[in-house]
Amino acid sequence: MSLRQVPLICSGHSRPVPDLAYSPITPDGFFLISACLDGKPQLRNGETGDWIGTFEGHKGAVWCARLNSAATQAVTGSADYTAKLWDALTGTELKSFAHNRIVKTADFSKDGKKIITGGQDKILRIFDLEKPDEAPQTFEGHSNSIKVAQWSANDTNTVLSGGADEAIRIWDLRTKAQVKSIPTKGAITSMDLSFDGKILTTTAGREITFWDAATMQVLKAFTLNIDLNTGALHPSGTGKFVAGGSDLHVHVYDYATGEEIEVHKGHHGPVHAIRFAPDGESYSSGSEDGTIRIWQNGVKPYGLWQPSGAEAQTPK
């Protein structure tokens, strides 16, 4: 008999959670950061979901949040027209970068020396953290709001972006030019690069696509039965992928066939963000209901989980 999935429920946010992300595994473990429309992004222990701290300083909803590879700094983007750089160890605001409109996406370069941002003004910006007071590099070409932007896994001079204009755009930082535009079947709602940098996962409409991150050739694509907000592939690059969207549930699929193999209920609003932990043992979902739920990748004794159908566990 199969055991019932019992998620860890991470409360603390008071409004929808539009974005979350894990750090890589560090000497101190791995960490989970979440954005929230209450304006207060939070940092948690990535394995247990225990609250570590809240970044306070934004004056509007926070739409995105990321950690650098060492989990020592965080970057957030907000409806207050700023992206902010934080010390993730103390919670101190290190720098605020002004924008013209709402910032929907922000991410660190692999070496942590630069950040990329994008949002409603349709402009990508690259800020050099070693020269934080200098004007950013800017890239124009999107015809609608930018939802996601991040560095290429294999080339520090290449960045990718996507949004409401239904295309993945690839940019060269040296020439400040767009080098390629790949049409998609709807607005890009999420973009997730595997921890090993080999596979890029994107969602658009009802389609989830897995790309070879080096060549941007399609490896697999599946049309699902929900309007997708988010999707992520297991860190192994095989086995399972997870997705969420308009129907309030967390869906688990077989990567080889696209067949749905699990459905997890519990959220009381659409699922906006979902990510695998770097050890592959769990994955987290953030929802319109203001909660984060951490789910096991296969029900077994691990961390705070009980191996039976008990009530959901609630971290501190």
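The values are calculated or read from the model by the stated rules, or taken from the named source; none is laboratory data. Source: prediction; values computed, not measured. No Cβ is skipped: glycine too gets one built from the backbone with ideal geometry, and neighbour counts run over all protein chains shown. Side chains included, ligands, DNA and RNA excluded: accessible areas come from the protein's heavy atoms. Shrake-Rupley method; radii C 1.70, N 1.55, O 1.52, S 1.80 Å.
Residue pairs whose Cβ atoms lie under 6 Å apart, separated by 6 or more positions or on different chains, with the first residue in the range 141-168 and charged (D, E, K, R) and the second in a loop (DSSP other than H, G, I, E, B) and surrounded by 17 or more Cβ atoms within 10 Å (Cβ to Cβ), are 165/142; 166/184; 166/187. Does residue 70 meet the test of being under 22 Å from residue 235 (Cβ atoms), modelled with pLDDT of 95 or more and not in a strand (DSSP E or B)? Yes; evaluated as a whole, the condition is true for this residue. Taken over the range 25-43, the criterion of being of a type in the set (Gly, Ala, Ser) and part of a loop (DSSP other than H, G, I, E, B) is satisfied by 39 alone. Taken together, the residues in the range 253-280 that are part of a loop (DSSP other than H, G, I, E, B) and touching a residue at least 60 places away in the same chain (Cβ under 8 Å) amount to 5.
Scanning the range 82-95 for residues that are assigned to a strand (DSSP E or B), surrounded by 15 or more Cβ atoms within 10 Å (Cβ to Cβ) and in contact with a Ser or Thr (Cβ under 9 Å, 6 or more places away or on another chain) turns up 82, 83, 84, 85, 86. One residue alone among 46, 29 is free of Cβ contacts under 8 Å to residues at least 24 places away in the same chain and touching a strand residue (DSSP E or B) at 6+ places or on another chain (Cβ under 9 Å), and that residue is 29.
Just one residue in the set 209, 203 is in a strand (DSSP E or B), under 20 Å from residue 164 (Cα atoms) and within 15 Å of the chain's Cα centre (by Cα); that residue is 203.
The test for being assigned to a strand (DSSP E or B) and either in contact (Cβ under 8 Å) with a residue 40 or more places away in the chain or open to solvent by 10 Å² or more (accessible area, probe 1.4 Å) (or both) holds for residue 75.
Scanning the range 44-59 for residues that are within 21 Å of residue 16 (Cβ to Cβ), assigned to a loop (DSSP other than H, G, I, E, B), of a type outside the set (Lys, Arg) and open to solvent by 20 Å² or more (accessible area, probe 1.4 Å) turns up 56, 57, 58.
For the criterion of being polar (S, T, N, Q), open to solvent by 10 Å² or more (accessible area, probe 1.4 Å) and within 21 Å of residue 280 (Cβ to Cβ), residue 26 passes. Per this entry, residue 37 is not counted among residues that are under 14 Å from residue 284 (Cβ atoms) and either among the hydroxyl-bearing types (Ser, Thr, Tyr) or touching a Lys or Arg at 6+ places or on another chain (Cβ under 8 Å) (or both).
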